[in-house]
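Down below is the structure, laid out as structure tokens.
The values are calculated or read from the model by the stated rules, or taken from the named source; none is laboratory data. No experiment lies behind these values; they were computed from the predicted model shown. In this analysis, Cβ positions are derived from the backbone assuming ideal geometry, glycine residues included, and neighbour counts consider all displayed protein chains. Side chains included, ligands, DNA and RNA excluded: accessible areas come from the protein's heavy atoms. Shrake-Rupley method; radii C 1.70, N 1.55, O 1.52, S 1.80 Å.
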Amino acid sequence: MSKRPRVYITREIFSEALERLSSVYDYDVWDKCQPPPYEKLREKLREFDAVLSMVGDRIDCEIIKTASHRLRIIANMAVGYDNIDVRCATQHSIYVTNTPDVLTEATADLAFALLLAVARRIVEGDHFVRWGEWWRSGTAFHPRMLLGVELYGKTLGIIGMGRIGKAVARRARGFGLKIIYYSRRRLSEKEERELGAEYVDLDTLLARSDFISIHVPLTEETRHMIDEKKLRIVKRGAIIINTSRGAVIDNNALVKALEEGWIAGAGLDVYEEEPLNPNHPLTRFKNVVLTPHIGSATKETRLAMAMLAVENLIAFAMGKEPPDLVNREVLAVRPPGFTY
Ligand code: NAP
Ligand code: GLV
């Protein structure tokens, strides 16, 4: 009888996903809310054939090397995989998979929610009511109370026109926004027409946009893509939304831009350090809305992500190419599947 492969799951996931996984794999789940500490993960991965990991798990070359005598596949439950040293995984013929598409709409919703929250001062308004300031003011309505900015007719600049960037553009059309975008590759004329989006270079986007929404992955090229120099180009009074990765913006430079009023506000779901320390300067600004990396956090989406990560693992175990393989080069050096 052949041995069943073993997968290490770095957080509790949904029972449906575990049930499906157990048809092929034996599993072990890290049952704490915090990620497994680095040393623990390093130690654990030596004993497993596969890992189902999260964005908060740093799987660097050191861990990969230590685990490479046995580990064959890293299935990240995220579309982004900047937490994994993919180059090193490829060198060790380890498959890396992600979970694209299923989280596109949820993440675009959150980007839009942040945009509306900052532009219309929703969180400030909530605090105003909740903490009794409205009641104490005795002002039921005042023409100058909590004034925000209108979306209609303004310009939204999208940086990174991939799956989520396009989903944000589709929402933006409904709000009467003009759309400009900057991305590594220009869309086809047909797609530009359908989205009503105009291609511009990055500096033009920064200078022309009233709202900027960032959707690039974190890579060597995009780390601090928005640094102090770029923030100085941003149109005065613009609002920046970031649901991609914290390190795409130099967070210290962002604090400076907010302190010195170069920008009117920001909506952030991601940070250079996560979780964000409550004493971080970003928490001081009323014109900044902060969420705790919840871009894909809907019940439907998180279940779909877990199921997709599981399907990638199962395909691999069945000797098939996983549907969301990130490092296709491995196919040439090691066929999918476990051999015992
Ligand atoms: P995607 O479809 O790959 O889109 C990324 C876009 O950025 C692509 O158009 C890509 O160009 C472009 N790009 C890559 N490098 C660039 C560069 N150096 N300069 C300009 N453009 C560049 O990915 P997605 O599914 O939209 O996801 C985007 C990112 O969102 C993920 O990588 C992840 O980090 C983040 N995310 C966060 C959350 C959250 O919870 N906050 C949830 C989901 C995703 P090409 O077409 O040439 O590749
Ligand atoms: C979440 O941040 C993801 O990349 O899916």
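Brief remarks on what is shown
- Amide proton proximity set for S53, modelled H, under 5 Å, gap of 5+: A75, N76, M77
- Degrees separating the helix 299-317 axis from the principal Cα axis of the chain, which is the longest one: 30 degrees
- Across the chain, the convex hull enclosing all Cα atoms gives 155 Å³ per residue.
- Of all accessible heavy-atom area on the stretch 145-190, the percent that carbon and sulfur account for (1.4 Å): 49 percent
- For the stretch 52-57, 3J(HN,Hα) computed residue by residue from phi via the Karplus equation (6.51, -1.76, 1.60; θ = phi - 60°) reads 9, 10, 10, 4, x, 9 Hz, glycine and proline entered as x.
- Sulfur and carbon atoms: percent of accessible area, the stretch 25-83 [1.4 Å]: 48 percent
- Based on Cα contacts under 8 Å between residues 6+ apart, the stretch 114-191 shows a relative contact order of 27 percent.
- Residues whose placed amide H lies under 5 Å from that of T155, excluding near-sequence neighbours: K178, D210, F211
- Remark: the chain carries 51 Å² of accessible area per residue (probe radius 1.4 Å; ligands, DNA and RNA excluded).
- Think of the chain as having a plus end and a minus end, set by charges on the Cβ of Lys, Arg, Asp and Glu; of W131, L103, V55, W131 sits farthest toward the positive end of this dipole.
- Farthest toward the positive end of the dipole of the stretch 79-158, out of F112, T90, G153, is the Cα of G153, where the dipole comes from beta carbon charges about the Cα centre.
- Three principal axis extents of the stretch 146-191 based on alpha-carbon atoms, in descending order, are 39, 18, 14 Å.
- Once C-alpha pairs closer than 8 Å and six or more residues apart are averaged by separation and normalised to the residue number of the chain, the relative contact order reads 18 percent.
- For the stretch 137-152, Karplus couplings with θ = phi - 60° (6.51, -1.76, 1.60), whole Hz, Gly/Pro x: 5, x, 9, 5, 8, 9, x, 10, 7, 6, 6, x, 10, 7, 7, 3
- Estimated 222 nm signal from helices in the chain, with DSSP H stretches of n ≥ 4 weighted -39500 (n - 2.57), rounded to 500: -10000 deg cm²/dmol
- For the listed peptides 126-138, 301-313, 214-226, a ranking on the average number of other beta carbons within 10 Å per residue, highest first, reads 301-313, 214-226, 126-138.
- Share of carbon and sulfur in the accessible heavy-atom surface of the stretch 193-340 [1.4 Å probe, %]: 52 percent
- Seen from E192, the other residues with C-beta closer than 14 Å to its C-beta sum to a net charge of +4, counting Lys and Arg as +1 and Asp and Glu as -1.
- Computed about its Cα centre, the charge dipole of the stretch 191-324 is approximately 520 debye, with only Lys, Arg, Asp and Glu carrying charge at their Cβ.
- Entry note: the stretch 140-292 has Rg to Rh equal to 0.97, where both radii use alpha-carbon atoms and Rh is the Kirkwood radius.
- Under 17 Å from the Cα of K286 - lysines, other chains or at least 8 residues apart: K256
- nm² value of the averaged projected area, convex hull over the Cα atoms of the stretch 134-228: 8.8 nm²
- Working value for the stretch 274-318: equivalent-ellipsoid semi-axes of 36, 12, 6 Å, each the square root of 5 times a Cα gyration tensor eigenvalue, largest first.
- Taking the stretch 265-340 and dividing mean pair separation by its residue count, relative contact order in percent (alpha carbons under 8 Å, at least six apart): 22 percent
- Beta-bridge orientation, the chain: approximately 0 percent antiparallel, per DSSP, counting only bridges with both partners inside.
- Dimensions of the stretch 72-123 along the principal axes, based on C-alpha atoms and rounded to the nearest Å, stand at 50, 18, 12, largest first.
- Partner aspartates and glutamates for K166 [C-alpha distance under 15 Å; skip if fewer than 8 residues away on the same chain]: D101, E105, D109, E189, E191, E192, E194, E198
- Counting only Cβ charges, +1 for Lys and Arg and -1 for Asp and Glu, the dipole size of the stretch 267-327 around its Cα centre is about 260 debye.
- Taking 0.36 nm per residue of sequence separation and removing the Cα-Cα distance, the E124/V200 pair yields an extension gain of 24.0 nm.
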